[in-house]
Amino acid sequence: MTTEKLQLFSFSTCPYLQSIIINLKEKQQPFDVTYIDLVNKEDFADMQIPIGRVPILKVGEELLFESSAINEYIEDISTNKLRPEDPMQCAYSRSWIVFIQDTLISLYKIFAAPNEAEYTEYLENLSIQLIILNRATSTPYFMGKNMSLVDIEIAPLLYRIQLIKNIKGPDLLVDTKKLQQLANNLFNKKSIVESVPENFNNDFIEKIKGFDGHLSKITNI
Ligand SMILES: N[C@@H](CCC(=O)N[C@@H](CS)C(=O)NCC(=O)O)C(=O)O
């Protein structure tokens, strides 16, 4: 644990922010979050965000970017480890984290797809990625009996997939039962329940509406 104050900056629906918050909550590490508006970054300009992207973790005067690097830093300063000790298992978990981040990008393409043809194409790509993830998923957690950094990365993906189903969009986990089970297990965890702000669902729906793409037309929003 660090005695420096940890300050996070991002926007309310950011999946990368959510994974960092789950990690911090699992480690019972105190932190503050400042929610920013990605469109109006002026009040943020003097912070000199290293590559102009969020989330950012401010530790004292240092600014860290890239959620997986931030999660590794949190891991390094904490005693309650989510990273497997065994080097092979650790490398294995890192490999899946990269794949999960790719899958998240596919999900965002579905949110933004302007028409049915592109939506269908992205949906096919995402379905293949979900089947691959399903094959690799153990129980009760992704890597078996212990929660790992993979779970904190996959939780925001599964969370958004669940929200899509809730607004009468497609059930993206219908053919991936192990992933559905993993989602159920993770959604029962306090760190995950408390990882989003109160207005999250509303902001998420507004975001989907804002894309004004095919998904916003086939859901009940
Ligand atoms: N790989 C990065 C992804 C971060 C990212 O893509 N952030 C987006 C929001 S989700 C962003 O800040 N975009 C800034 C912009 O588009 O101006 C991470 O894990 O932190």
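Things worth noting here:
- Going by neighbour counts of Cβ atoms within 10 Å, the residues Val59, Val54, Val174 line up, fewest first, as Val174, Val59, Val54.
- Look at Glu194, Glu61, Glu118 and count the other Cβ atoms within 10 Å of each Cβ; fewest to most, that gives Glu61, Glu194, Glu118.
- Taking the Cα centre of segment 6-76 as origin and assigning +1 to Lys and Arg Cβ atoms and -1 to Asp and Glu Cβ atoms, the resulting dipole is close to 200 debye.
- Note on Asn202 and Arg94: the model spin-label points, each 7 Å out from Cα along the C-beta direction, lie 4.2 nm apart.
- Cα shape, the chain, gyration tensor, a/c 1.5 rule: oblate
- Only beta bridges with both residues in the chain are counted; by DSSP, about 70 percent of them are antiparallel.
- Candidates Thr176, Thr34, Thr103: whichever shows maximal mean-square fluctuation once the chain is modelled as a Gaussian network with Cα springs under 10 Å: Thr34
- What the phi angles of segment 126-134 give under the Karplus curve with 6.51, -1.76 and 1.60, with θ = phi - 60°, is a coupling list of 5, 4, 5, 5, 5, 5, 5, 5, 4 Hz, glycine and proline written as x.
- Residues whose placed amide H lies under 5 Å from that of Leu6, excluding near-sequence neighbours: Asp32
- The fewest-to-most ranking of Glu116, Glu26 by surrounding Cβ atoms within 10 Å reads Glu116, Glu26.
- Filter on Lys145/Lys190; Lys109/Lys168; Lys190/Lys217; Lys109/Lys178; Lys165/Lys189 - keep pairs with C-alpha separation over 26 Å: Lys190/Lys217
- Under the combined filter of DSSP loop state and at most 11 neighbouring Cβ atoms within 10 Å, segment 81-161 retains these trypsin sites (Lys or Arg not before Pro): Lys145.
Every number in this text was worked out from the coordinates using simple rules, so none of it is lab data. Everything quoted here is computed from the prediction, not taken from an experiment. So basically every Cβ, Gly included, is an ideal-geometry build from the backbone, and we count neighbours across all protein chains shown.
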